[in-house]
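A short reminder: the numbers here are calculations on the coordinates, not readings from a lab. Keep in mind it's a predicted model, so treat the numbers as computed, not measured. Cβ sites come from the backbone with ideal geometry, for glycine too, and all protein chains shown count toward neighbours.
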Amino acid sequence: MTEPKIKIWKFLKITVSSLLITALALFTAAAIRTLSLDVNVGLQLARWEKSNNISLVIDQHQREELLARFKEAVRIPTVSFSDTESNTTALRQFDSFLRKAFPKVFSSSLVHHELVANYSHLFRVQGSQPKLVPYLLLAHIDVVPAKESDGWEAPPFAAKEIDDFIYGRGTIDDKCSLMGILQALEYLLIRGYAPRRGFYIGLGHDEEARGFNGAMNIVRVMKERGVKLSFILDEGMAVVDGVISGLDGPAALIGISEKGSANVKLSVSMAPGHSSMPPRESSIGILAAAVKRLEDNPMPRLFGYGAERETFEHLAHKFGLPLKFIMSNLWLFSPLLGRVLERKPLTNAFVRTTTAVTMFNAGVKVNIIPSLAEAHVNLRIHSAHSLQEVLDFIQDTVGDERVKIELIDGFDPLPISSSDEQSFGFQIIKKTVLDMFPTLTVAPGICIGNTDSRHFKDLASDIYRFAPVWFKPGDVQRFHGINERISKKNYEELIVFYFNLIQNCDIQKLPEPHTSVHEL
Ligand SMILES: CCCCCCCC/C=C\CCCCCCCC(=O)N[C@@H](CC(N)=O)C(=O)O
Ligand SMILES: [Zn+2]
Ligand SMILES: [Zn+2]
């Protein structure tokens with residue numbers, strides 16, 4: 001399978017003349033604005049409070065043990081099949097496994113643990129300075145289904161090791177984070193660490209079925225207790241290495257928002273009858289035409305109007321010319337870049353509200369005119385769009401009163417979390433990443449899927465979606481796909497990341513920011 005990429009070289013095929021005409025026209029219209037070569041220079045933190053962080057040294061014996069624990073987690077098939085069907089036996093088994101795997105976490109006087117909605121877990125780790133606002137680390141226990149016959153190189157619940165990778169459903173989504181967080185806490189507690197800033201760990205059991213039981217009940221419990229959080233860190237974005245072609249070196253994309261979502265049902269009802277006397281138009285034909293109109297008329301291009309703009313502005317300095325120039329001046333070039341990005345499904349997701357027809361049902365017998373035809377459309381709403389605008393667009397595009405349009409469920413895009421130099425959560429995550437991987441470029445990103453963290457938006461204004469899982473070309477398709485895997489080294493890096501992050505959160509306040517220096 002080929003990796004969807006921003007085809008940088010296609011840029012070069014865009015004729016110089018059309019580029020110049022566009023640029024000149026817009027340049028004239030916005031003559032008072034200044035062209036820049038780089039908008040990201042100088043966004044660095046200056047001096048961090050001196051810390052006495054414990055560093056994590058893992059010996060060979062511990063390495064074998066931590067990998068054995070991770071493999072055991074992957075082997076428990078905690079599958080969410082649908083909103084109403086999950087493997088509750090596996091969820092119970094996972095609970096027993098966690099207690100056995102992390103004895104210090106479950107016995108420490110600093111940690112309060114409770115089960116929520118039978119299978120989800122909430123941990124509160126007490127801080128020594130109650131004035132420091134706590135934070136929340138989220139991960140989920142459940143996984144999407146997987147069948148070996150779909151083309152897996154190893155059985156999906158065997159946690160088989162191939163060439164230093166562990167293969168299995170949940171290795172990247174999301175048992176690596178779940179196990180990484182608990183393993184980091186276990187190691188910290190063993191080393192006698194007592195945090196200054198308290199924190200929570202939430203492990204939902206039905207994220208893959210939208211978190212209505214797990215995450216939503218954890219939120220309820222926390223709200224009842226009046227908890228307020230400084231920030232939340234959940235799954236979502238990752239380190240991309242070679243996925244965005246033309247980008248010089250790997251980048252850590254920290255999700256500062258996630259797209260909204262809507263599930264819309266389209267249906268056409270007609271009187272059934274004998275197939276020997278068909279009407280001129282059937283319910284299937286009318287519905288198929290409506291669906292085709294939706295596919296032929298994508299939602300408007302909104303590239304540059306949402307939080308995705310920040311991603312490209314932050315990454316601009318790592319591209320060569322002309323992209324560096326284009327991305328540094330999105331006020332002028334975002335329509336042009338949007339047209340290029342929309343050509344591939346992965347990058348199109350950052351340009352607009354996407355429309356995916358996911359189910360189509362009609363007919364019961366070969367010789368009966370079907371009375372009912374139904375289709376389900378799943379939309380992922382761009383951060384500059386609203387649920388209502390999307391519904392209005394569908395109504396106008398379908399344009400046929402015989403097609404009934406029902407909103408099954410939906411929500412607006414999530415608020416955009418802060419990512420400036422005063423942003424505690426963002427800067428702590430960024431520092432932790434850069435301490436481990438100094439050559440990475442760190443940029444804010446948009447999560448195109450949804451996470452449990454969206455249910456927590458009343459508890460914190462800053463929610464980040466990130467884990468330092470390395471995605472190389474071809475890896476994005478492993479997410480919910482076949483041959484999901486993580487390298488042994490990368491899993492260990494996740495443990496170190498959470499180990500350091502928890503300690504970095506103990507600082508009282510962020511260092512004073514640098515004055516930005518912008519040079520052309
Ligand atoms: C400019 C190009 C940037 C390319 C970045 C690629 C990074 C891709 C990394 C991961 C893929 C996105 C996965 C997001 C997490 C989605 C979690 C999920 O599947 N959620 C479900 C269920 C739910 N909670 O609603 C969903 O349907 O969204
Ligand atoms: Zn997930
Ligand atoms: Zn998932």
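A protection proxy built from the mean count of other Cβ atoms within 10 Å ranks the segments 432-444, 275-287, most packed first, as 432-444, 275-287. The calculated FRET efficiency for LYS404 paired with GLN93, based on their beta-carbon distance and R0 = 41 Å, is about 0.40.
Which entries of LYS131/LYS489; LYS457/LYS509; LYS265/LYS457 have Cα-Cα distances beyond 31 Å here? Let's see the in-between values first.
Details: LYS131/LYS489 37 Å; LYS457/LYS509 23 Å; LYS265/LYS457 27 Å.
Exceeds cut-off: LYS131/LYS489.
Adding -39500 (n - 2.57) for every DSSP H run of four residues or longer, then dividing by how many residues the chain holds, sets the calculated 222 nm ellipticity at -10000 deg cm²/dmol. Applying Stokes-Einstein at 25 °C and 0.890 mPa s to the Kirkwood radius of the range 390-505, computed over alpha-carbon pairs, gives a translational diffusion coefficient of 139 µm² s⁻¹.
With contacts taken as Cα pairs under 8 Å at a separation of at least 6 residues, the chain carries a relative contact order of 26 percent.
Computed packing ranks the peptides 178-184, 56-62 as 178-184, 56-62, most packed first, by mean other Cβ atoms within 10 Å.
Size descriptors for the range 257-415 (Cα atoms only): Rg and Dmax, in that order, 19.8, 67 Å.
For the range 305-372, trypsin sites (Lys or Arg not before Pro) meeting the loop criterion (DSSP other than H, G, I, E, B) and having at most 14 other Cβ atoms within 10 Å: ARG343, LYS365.
Gyration tensor analysis over the Cα atoms of the range 322-465 returns equivalent ellipsoid semi-axes of 39, 20, 15 Å (largest first, whole Å). Calculation over all alpha carbon pairs of the range 111-156 in 10 angstrom steps from 0 returns a P(r) of 19, 32, 21, 18, 9, 1 percent. Partner lysines whose Cα lies under 20 Å from the Cα of LYS100, excluding those fewer than 8 positions away in the same chain, are identified as LYS71, LYS175. Placing +1 on each Lys and Arg Cβ and -1 on each Asp and Glu Cβ, with no other charges, gives the chain a dipole about its Cα centre of roughly 340 debye.
Fewest-first ordering of ARG293, ARG454 by other beta carbons within 10 Å of each residue's beta carbon gives ARG293, ARG454.
What is the sum of charges around ASP234, taking Lys and Arg as +1, Asp and Glu as -1, for the other residues whose C-beta is under 10 Å from the C-beta of ASP234?
Working: positive: ARG454, ARG465; negative: ASP174, GLU207, GLU235, GLU258, ASP452.
Combined, the nearby Lys, Arg, Asp and Glu give -3.
In terms of the ratio Rg/(2.2 N^0.38 Å) built on C-alpha atoms, what value belongs to the range 459-517? Against the empirical 2.2 N^0.38 Å value, I get 1.59 for the range 459-517. Looking at the range 141-234, the trypsin sites (Lys or Arg not before Pro) that sit in a DSSP loop and have at most 13 other Cβ atoms within 10 Å of their own Cβ are LYS147, ARG191, ARG225, LYS228. Length available on full extension from PHE479 to HIS376: 0.36 nm per residue minus the Cα-Cα distance, which gives 34.8 nm.
Restricting attention to the range 111-268, close to 65% of DSSP beta bridges with both partner residues there are antiparallel. Within the chain, all pairs of alpha-carbon atoms sorted by distance into 10 Å bins from zero give the percentages 4, 17, 26, 25, 17, 8, 3, 1, 0. Taking 16 Å as the straight-line reach from the Cα of LYS104, none of the lysines fall in range once those fewer than 8 positions away in the same chain are excluded.
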